[in-house]
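See below for the structure under consideration.
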Amino acid sequence: MTEYNFREVEESILKQWEQENLFKSEENRKKEKFYVLEMFPYPSGKIHMGHVRNYAIGDVVNRYLRMKGKNTLHPMGWDAFGMPAENAAIKSGIHPAKWTYENIDYMRKQLKRLGFSYDWDREITTCSPEYYRWNQWIFLKMLEKGIAYRKSAVVNWCPHDMTVLANEQVIEGRCWRCDTPVVQKEIPSWFLRITDYAEILLDDLEELKENWPEAVLTMQKNWIGKSVGATVKFPVENSTTTIEIFTTRPDTLFGVTFMALAPEHPLSVELAKGTEQEREVEEFVQRYLTMSTRERNIVEEKEGVFTGRYAINPLTEEKIPIYVANYILWGYGTGAIMAVPAHDERDHQFAKKYNIPIKPVIQPPEEWNFEEKAYEGEGVLINSDGFNGLHSSEAKEKITQLLEEKGIGEKTVNFRLRDWNISRQRYWGTPIPVVYCDQCGIVPVPEEQLPVILPENVQFTGMGNPLEKNESFVKTECPRCGKPARRETDTMDTFIDSSWYFLRYCDPHNEKEPFSREKTDYWMPVDLYIGGIEHAVLHLLYSRFFTKFLKEIGLVNVKEPFVKLLTQGMVLKKWIKIEKLLEVLHLSPEEKLKKLIEELSSYGNIENVKVEDITIKEFMEKHHLTLNDNAKLLFNKLGISESILKEFEEKYGKSDKMSKSKHNTVDPDEMIKKYGADTVRLYILFAAPPHNSFDWTDSGVEGAHRFLRRVWNFVNKKAEELRNIRYTLDELQNLSEEDKKLRRKLHQVIKKVNDDINKEYQFNTAIAAIMELVNELYSYKGDNKKLLKEAVENLILLLSPFTPFISDYLWKMIGNTGFTIEQKFPEHDERVLVEKEKEIPVQINGKLRAKIKVPADADEETVRNIAFSNENVKRWTEGKEIVKVIFIKGKILNIVVRE
């Protein structure tokens, strides 16, 4: 093969890898292990460029470290349960299992075609009973330990479809399928007591400080949300009822001017009963109960309604009105607050709207207008009987102490974190292994009866949970008394699947337990975990929680699952709206379509385009296009090549994350077909450091392909003469200056590549150094075959983690056997890097006048002496005044002269 036929190269090498099972991993206690893992994908149908980048980063690390002698584990699997499969079943009648497994088959082929070095013998699929039986087993252990429990939870409910809706299925308060108004409904649900682990989850973040991005640690801390304050009980006037609140600012208790309850709070409607406000409160509460939980969390304007009742401030004994307010959320704290408008901006806005008094109790350090804005900082107390003059920090302690003495409050540590509701009223998930017996109550399924199999013979109507209608599943016997019982029809949140999958990879075929302690003791923790920052909170928090629970019951011996976390940047692509394109072309939608074609013709050849005698706007309406759509859609409807659009995209386009809705995606399959997997890998790794986002450009991927052709052409040309060359390092000592230059560059690049990979995985600069080496090889004028063999072999090995297909092919082409991943990664020779002489330029008044050779460590005086003895330098300086000499050691000598 003379030309670089990437398709033939890659298909040939892939076949050889699979025949040899090259990437298999096994425990080997004589070797240092390294576990590299990318977050596993949801099998949605096809991988996208974000996947490719994520997996390419991990693949480079795995290949590199295996070549460095580490025993690496690099597995892959599928996060296979989830809503999209069930939605597909409702829309098209395809069973979720069929849809999922067909997608997995296709995506697995894609990942193999990209050359990722996964140990496919360890592949896991979370929707298989072999996996989810252990979800059920872990749940039973949590139930046994009191970590799993059942209570009511508020959900989004569609009364027409009789089903629970996820937040994303509620659109403007209505069901995404039938457009019925959604209501909030309380239903029994299963929870995991993650709050029991809040303190340790927070404390152990300290151990991750050096190896996790600061942004992720901050998000985790904020989500856990530890706060120290006081719980205070406010009696309701003329009632035995009390309203309990939590506050971090007991120093502001004397400034409370109203109470506020969440619409969902049980007292909201109860307190208003029998008052003139009863109906108004009921209507207000009902309005907010019909919102999705996501909409409830977004409050654009604060509003509320008076309940007609009053509470008593337990310290001042003042009467304060009780409101129901939309900015108070049920599920945070107690769902009720003491409102201090002088010192909380949200309360201030509400108080101004409803003419509620504002009472300052903290003196700001500067002039302050409390009518305009709340002062939220600390300071000295005022208007606080018995505590005036104290600083906030001291007053907090003393006021809390008083509350405790009076029995009306206590010091409290509160967490924003809430227990994890794992119940999902949907089919495609892990069945929860409990049954309900009229005689025995809630009964766990015995371990020996696991897995509780998810039945496949169900009907998907989009109404209700299909499992509830499957009698053969629901009807069962009580494991305790043997009487008729019914199974739980809720399935588990799919975050359960991903909270421990990294442990199953250590022992994926174990039929007796989730994994053996011996194997996890060897492989865990994961040394490098790679994934998007969008998973910074829930997935990582739940994985940490599961690990801590499993450590408690003796299954693992690690406190934290992931040593180092790398959150890769996004792959962006520029696109241009139709509106922007018209603006650039100085056209309006009301102008004739013919005018648009004429303008575009000046940017490229447009042939065989039939132009209707209508306006651009009319053409767009005919084809259901809007000004906000991608101009690519307009070009497609007009039959104009998208190549003309590229110039507009590059100059005027907006960078966005690739998405189908914006039509700015790049299909990995198409790129592989056009350029090959090695090119796609090289470009995506070269475009930016792993943690940075970057814009995908056609010119960039074409440049990567040109580089690989250069490598191919050079090695292919030299292959015959290098094939039988053998060399020892001793034979590469007495070299000519030309040879030394090449060998020095080779070892500089080897050092650079190792340094860059080991320093935060800077693949882009490592690849840039390899490109410099290729340039040096092309400019080499010598004929030292042994040196060339060393240089070419090392070039191939340096490229191997990035572009494994071409590397393995060229490795064999120059007479070697085996695969590059089996070879030792190049190490530089420090002695070769030491230069005895350096050539430095001499500039006179900013113009290059000579190049001189000086000792590598020459000081300024030595360099000046050599320079001024140079004939060319003499010619340009004789008879002139030397104004100054600028010397940069090892780089340049600059002489400034005056006539």
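The values are calculated or read from the model by the stated rules, or taken from the named source; none is laboratory data. In this text the structure is predicted, and so the values were computed from the model without any measurement. Reconstructed Cβ throughout: ideal geometry from the backbone, glycine too, with neighbour counts over all protein chains shown. Please note that ligands, DNA and RNA were not included when accessible areas were found on the heavy atoms of the full protein model with its side chains. Shrake-Rupley method; radii C 1.70, N 1.55, O 1.52, S 1.80 Å.
Condition test on E378, is it among the acidic types (D, E), assigned to a loop (DSSP other than H, G, I, E, B), open to solvent by less than 80 Å² (accessible area, probe 1.4 Å) and farther than 22 Å from K233 by Cβ? Step through it out loud before you land on a result.
Numbers: among the acidic types (D, E): yes; assigned to a loop (DSSP other than H, G, I, E, B): yes; open to solvent by less than 80 Å² (accessible area, probe 1.4 Å): yes; farther than 22 Å from K233 by Cβ: yes.
Yes, satisfied.
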- Message: For the range 780-800, which positions are open to solvent by 10 Å² or more (accessible area, probe 1.4 Å), in contact with a Lys or Arg (Cβ under 9 Å, 6 or more places away or on another chain) and within 18 Å of W712 (Cβ to Cβ)?
- Response: Y780, L797
- Every listed condition ((1) without any contact (Cβ under 8 Å) to a residue 60 or more places away in the chain; (2) open to solvent by 30 Å² or more (accessible area, probe 1.4 Å)) holds for E447 save (1)
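Every residue, every condition in (1) open to solvent by 20 Å² or more (accessible area, probe 1.4 Å); (2) out of contact with any Phe, Trp or Tyr (no Cβ under 6 Å at 6 or more places or on another chain); (3) not charged (D, E, K, R), yes or no:
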position	(1), (2), (3)
P484	yes, yes, yes
I496	no, yes, yes
L503	no, no, yes
H509	yes, yes, yes
E518	yes, yes, no
F546	no, no, yes
M570	yes, yes, yes
- Query: Could you list, in sequence order, the residues of the range 150-173 that are exposed (fewer than 14 other Cβ atoms within 10 Å of the Cβ), within 24 Å of Y197 (Cβ to Cβ) and of a type outside the set (K, R)?
  - Reply: S152
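Give A858, A850 a once-over and let me know the one that is among the small types (G, A, S), free of Cβ contacts under 8 Å to residues at least 40 places away in the same chain, part of a strand (DSSP E or B) and surrounded by 11 or more Cβ atoms within 10 Å (Cβ to Cβ).
Numbers: A858 fails: part of a strand (DSSP E or B).
A850 is the lone residue from the list that is among the small types (G, A, S), free of Cβ contacts under 8 Å to residues at least 40 places away in the same chain, part of a strand (DSSP E or B) and surrounded by 11 or more Cβ atoms within 10 Å (Cβ to Cβ).
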- Hey, which of the helices (runs of 4 or more DSSP H) in the range 516-597, taking only ones fully inside, have at least 3 residues that are within 27 Å of the chain's Cα centre (by Cα) and touching a residue at least 40 places away in the same chain (Cβ under 8 Å)? 538-552
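Of these, L633, L682, which one is touching a residue at least 12 places away in the same chain (Cβ under 8 Å), crowded, with 21+ Cβ neighbours inside 10 Å, part of a helix (DSSP H, G or I) and not hydroxyl-bearing (S, T, Y)? Before the answer, list the steps.
On the way: L633 fails: crowded, with 21+ Cβ neighbours inside 10 Å.
After ruling out the rest, the residue left standing is L682.
Considering only the range 182-221, how many residues are assigned to a strand (DSSP E or B) and either on the phi > 0 side of the Ramachandran plot or surrounded by 14 or more Cβ atoms within 10 Å (Cβ to Cβ) (or both)? It would help to see each step written out before you state the result.
Here is the first cut: in the range 182-221, the ones assigned to a strand (DSSP E or B) are 183-192.
Filter once more, keeping what is either on the phi > 0 side of the Ramachandran plot or surrounded by 14 or more Cβ atoms within 10 Å (Cβ to Cβ) (or both): 183-185, 189-192.
Of the residues in that region, 7 qualify.
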- Within the range 725-744, the count of residues that are in contact (Cβ under 8 Å) with a residue 24 or more places away in the chain, out of contact with any Asp or Glu (no Cβ under 9 Å at 6 or more places or on another chain), part of a helix (DSSP H, G or I) and open to solvent by 50 Å² or more (accessible area, probe 1.4 Å) comes to 2
- Item | Per-region count, the range 403-433, residues under 30 Å from L253 (Cα atoms), in a loop (DSSP other than H, G, I, E, B) and under 28 Å from the mean Cα position of the chain (by Cα) | 4
- How many of the residues in the range 58-83 are within 23 Å of the chain's Cα centre (by Cα), modelled with pLDDT of 95 or more and open to solvent by 10 Å² or more (accessible area, probe 1.4 Å)? 1
- Message: Could you list, ordered by first residue, the pairs with Cβ atoms under 8 Å in which the first is in the range 865-877 and at negative phi and the second is among the hydrophobic types (A, V, I, L, M, F, W, C) and part of a loop (DSSP other than H, G, I, E, B), at least 6 apart or interchain?
- Response: I866/A858
- With respect to the numbered conditions (1) open to solvent by less than 20 Å² (accessible area, probe 1.4 Å); (2) assigned to a loop (DSSP other than H, G, I, E, B); (3) β-branched (V, I, T); (4) within 22 Å of L799 (Cβ to Cβ), which one is the sole condition not fulfilled by I672? (2)
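Can you tell me which residue is most open to solvent (accessible area, probe 1.4 Å) among those in the range 880-899 that are part of a loop (DSSP other than H, G, I, E, B) and under 13 Å from I844 (Cβ atoms)?
Narrowing the range 880-899 to residues part of a loop (DSSP other than H, G, I, E, B): 880, 889-891, 899.
Filter once more, so that each one left must be under 13 Å from I844 (Cβ atoms): 880, 899.
Details: K880: 55, E899: 171 Å².
Within the range 880-899, the match that is most open to solvent (accessible area, probe 1.4 Å) is E899.
For the range 689-724, what are the residues that are hydrophobic (A, V, I, L, M, F, W, C) and either surrounded by fewer than 17 Cβ atoms within 10 Å (Cβ to Cβ) or in contact with a Leu (Cβ under 8 Å, 6 or more places away or on another chain) (or both)?
Keep residues of the range 689-724 that are hydrophobic (A, V, I, L, M, F, W, C), which gives 694, 696, 701, 704, 707-708, 711-712, 714-715, 719, 722.
Listed by number, the residues that qualify are F694, W696, A704, F707, L708, V711, W712, F714, V715, A719, L722.
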- Hey, E27 under 25 Å from D497 (Cα atoms), more than 29 Å from the chain's Cα centre (by Cα), surrounded by fewer than 17 Cβ atoms within 10 Å (Cβ to Cβ) and at pLDDT 95 or above or not: yes
